[in-house]
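One structure is given here, and the rest of the page talks about it.
The numbers here are math on the coordinates, done by the rules we state, and not lab data. Keep in mind that this is a model prediction, so the values were computed, not measured. Don't worry about glycine lacking a Cβ; one is built from the backbone with ideal geometry, like all the others, and counts go over all protein chains shown.
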2 protein chains.
Amino acid sequence: MNTESSPPRAPNIRDVAREAGVSYQTVSRVLNDSPNLRPETRERVLQVIDELGYRPNQAARTLVTSKSNVIGVLVATRAAAYGVQTILYAIEDAARDAGYRIAIATCPSDEKSVREALDQLIGQAAEAVVVVAPQARVFDLLAATPLNVPFVLLDSARRDLGHTVAVDQFEGARLATRHLIELGHTQVIHIAGPQDWIEAEARMQGYLREVSDAELMVRPPVLGDWTAEFGYRAGRELLNRADFTAVFCSNDLTALGLLHAFRESGIRVPADVSVVGFDDIPEAAHYWPPLTTIRQDFNEVGRRALALLLAELGSGDDPITELIRPQLVLRSSTGAPGSGV
Amino acid sequence: MNTESSPPRAPNIRDVAREAGVSYQTVSRVLNDSPNLRPETRERVLQVIDELGYRPNQAARTLVTSKSNVIGVLVATRAAAYGVQTILYAIEDAARDAGYRIAIATCPSDEKSVREALDQLIGQAAEAVVVVAPQARVFDLLAATPLNVPFVLLDSARRDLGHTVAVDQFEGARLATRHLIELGHTQVIHIAGPQDWIEAEARMQGYLREVSDAELMVRPPVLGDWTAEFGYRAGRELLNRADFTAVFCSNDLTALGLLHAFRESGIRVPADVSVVGFDDIPEAAHYWPPLTTIRQDFNEVGRRALALLLAELGSGDDPITELIRPQLVLRSSTGAPGSGV
DNA sequence: TACCCAAATGTGAACGTACACATTTCGCCG
DNA sequence: CGGCGAAATGTGTACGTTCACATTTGGGTA
């Protein structure tokens, strides 16, 4: 049917060379901005490239140079959208500034998927890898899979595996809990995140430590899944327990659901019950009441992760752990103890 | 320093072959699950692969096969986190079911960046590309850049460029506006999204059409940026204009900010003013009051996009446009007209 | 005008893999 | 026990690029 008898092969460097009347090496020089080229030669080649719609074959380039200008990001989670998203953007910006692009491979957190995603990144000759994998088990898999490129872990449970950048979740949870205690609350409940999440575990530990340091009664945290919907259901259940005047939620979304449940039942926040969240997502300032919460500087996490990689600390040095301090953001959802539920 | 004098080259297929006492082709067969292999041979090769930590070089594979089992996703936006995120997950799941992985390239929406990101995807020999680029100008760039692989555009302004999958934003905006009008509102204001966004424009058009069809007075929409913060500021400004009893916000976050501003000023929703959002993000059900909004099925968008690609409709057929119907979700933020602001 | 050096351009090889095809091995039947 | 065919394994080549080195070109100087 086609008047062209040849197969629809993409043009390569030699096609361009032939068309422009130069050698393929000259074309290569044009592509790589070699200085020693007559301007008119460069011009002609560029024109042919445009005419033919030629695009360098990245696979061939990568094969021969084993360089790709790509930094891989392994994302082994779906939840925590805001934090992950923000970190990704920060990484992307920092990478761009340094002349790199980023390739994101997302995957479920089972062994096979993580391995495949890693292969995908390494296969693109990613020169460094950032691992965003907030679930503990992923790090055990990683321990068994040498990477051969510099890498940084975010929020790792295994500080021995490699360089780690993280917001100090434990400290953040202590800040939140201490704030409530300092307001005079003696009955503080914690709604935790999924227990296989490193951050959830650390936040719970921070809460427990602070409560026991204050010699208050520790009560078993409610285990949740970090959604607003769960917060709402948890809130409704809590209505049956009149044993608290403050709640520390492991993230802002859960707090939102909780606020909903309380409001629906006529429990006033903070007059009757105080609520603290975690993350300080942009919406938290507009919840009702505006939410007191713990701010995590996700941008800083992304930036530092990339800085570590670019400093080529991938050498055999001992793993570095950078902890970023969280910050208490005071709004209107907390106050002195009231009547409770 | 190193007792090993050889350079730290990654092992290749020939290293494995030598170590296992077979030819490199046999190793290749093991890697590609060839049927004609003695089980013990396969076993031995696999063991050597494990010992050496060998990983197939994806670049070489791609170079020779020009296949990659990768579907590229170009994401040229940062806002609209929830929608984009959900679509990405749906694409990823559908891709995995079909035996593909996805590679995500994010970029700013300027010409150079988009082109680079495309090159990055094509360079990985992506066999198909999904373009998530809600800003109009990106599509003009795309029109000038032939892709040579099947591709699908999401929310495209240019239906002529290729297959398009989108939620019918125009219809969604009409649903929202009509709902308010049917409740008896005659003074409906629209808070729009950024005007270079295709969806924002379509929603505004839907609003304008519905209002003029009802022969109500059209008033100039407020132009915003889709954040809760903007919604809050817009809400405070609206307090000076006592010329409306209902507001249609172009997304849920803006609506949240608006609710905040109104509540702060003692304006009751929906008693005094009704508010409708757009998107139905999971939190919308827990806002106060729970938000009446327009649901977009982002999962469906992702699924259909991939289905289109997998059906290899990339052939020269006329571009297909698949419109997904949005849906009105009634909650508590709307009611019969009240006193207004 | 011959010569030399730098600038400009060209040639051969290699990267690691998969495909097509060639060769060897092996069990089984006549 | 020879031979035959299928199963198992090996050899040559191509993919598209960059690097190292070789060669040509050109302008200025002795």
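Structure summary
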{"quantity": "Evaluated over the range A:1-121, the Cα radius of gyration and Dmax, each in Å", "calculated": "20.0, 55"}
{"quantity": "Of the trypsin sites (Lys or Arg not before Pro) in the range A:42-137, those whose Cβ has at most 11 other Cβ within 10 Å and which sit in DSSP loop", "calculated": "A:Lys67"}
{"quantity": "Cα-based Rg / Dmax (Å) for the range B:117-164", "calculated": "10.1, 27"}
{"quantity": "Calculated P(r) tail over 15 Å for the range B:278-341, as whole % of Cα pairs", "calculated": "64 percent"}
{"quantity": "Difference of contour (0.36 nm per residue) and Cα-Cα distance, B:Gln195 to B:Asp160", "calculated": "10.5 nm"}
{"quantity": "Per-residue mean of C-beta atoms belonging to partner chains within 10 Å, peptide A:123-131", "calculated": "3"}
{"quantity": "Solution diffusion estimate, µm²/s, Stokes-Einstein, the range A:154-258, Kirkwood Rh from C-alpha pairs, 4 °C, viscosity 1.567 mPa s", "calculated": "92 µm²/s"}
{"quantity": "Folded to 0 to 90 degrees: helix B:198-213 orientation relative to chain B principal axis, Cα", "calculated": "30 degrees"}
{"quantity": "Sparsely packed GluC sites (Glu not before Pro) within the range A:1-96, loop by DSSP, other Cβ within 10 Å at most 14", "calculated": "A:Glu4"}
{"quantity": "Inter-part distance where the range A:74-91 and the range B:205-277 are each reduced to a Cα centre, Å", "calculated": "31 Å"}
{"quantity": "DSSP-defined antiparallel bridges as percent of all bridges, chain A, nearest 5", "calculated": "10 percent"}
{"quantity": "Between the range B:326-340 and the range B:158-188, the alpha-carbon center distance in angstrom", "calculated": "16 Å"}
{"quantity": "Net charge contributed by nearby residues that have their C-beta within less than 11 Å of A:Asn251 (K/R +1, D/E -1)", "calculated": "-4"}
{"quantity": "B:Val64 versus A:Val149: modelled label distance in nm, points set 7 Å from Cα along the beta carbon direction", "calculated": "2.2 nm"}
{"quantity": "Residue of A:Ala103, A:Ala271, A:Ala242 that the Gaussian network model of chain A assigns the largest fluctuation, springs spanning Cα pairs under 10 Å", "calculated": "A:Ala242"}
{"quantity": "Convex hull volume per residue for chain B, taking Cα atoms only, in Å³", "calculated": "190 Å³"}
{"quantity": "Convex hull of the range A:192-341 built on C-alpha atoms - directionally averaged projected area, nm²", "calculated": "10.2 nm²"}
{"quantity": "Helix axis angle, B:111-123 relative to chain B longest principal axis, alpha carbon, degrees", "calculated": "40 degrees"}
{"quantity": "For residues of B:189-196, the mean tally of beta carbons on other chains within 10 Å", "calculated": "0"}
{"quantity": "For B:103-110, mean number of other protein chain Cβ atoms within 10 Å", "calculated": "5"}
{"quantity": "Computed FRET value (nearest 0.05) for A:Leu323 with B:Ser34, which takes r as the C-beta separation and R₀ as 41 Å", "calculated": "0.25"}
{"quantity": "The protein assembly as shown: equivalent-ellipsoid semi-axes (sqrt of 5 x gyration tensor eigenvalues, Cα, Å)", "calculated": "48, 35, 20"}
{"quantity": "Expected 222 nm ellipticity per residue - DSSP helices of 4 or more, -39500 (n - 2.57), all of chain B, to 500", "calculated": "-13000 deg cm²/dmol"}
{"quantity": "Proximal lysines relative to B:Lys112, as straight alpha-carbon distance under 23 Å, when same-chain residues fewer than 8 apart are discounted", "calculated": "A:Lys67"}
{"quantity": "Whole-Å semi-axes of the range A:142-189's equivalent ellipsoid (Cα gyration tensor)", "calculated": "37, 10, 5"}
{"quantity": "Between helix A:298-310 and chain A: long-axis angle, C-alpha atoms, 0 to 90°, nearest 10", "calculated": "40 degrees"}
{"quantity": "The range B:142-202: trypsin sites (Lys or Arg not before Pro) in DSSP loop, at most 16 other beta carbons within 10 Å", "calculated": "B:Arg158, B:Arg159"}
{"quantity": "Compactness of the range A:77-226 - radius of gyration and Dmax, Cα, Å", "calculated": "17.9, 56"}
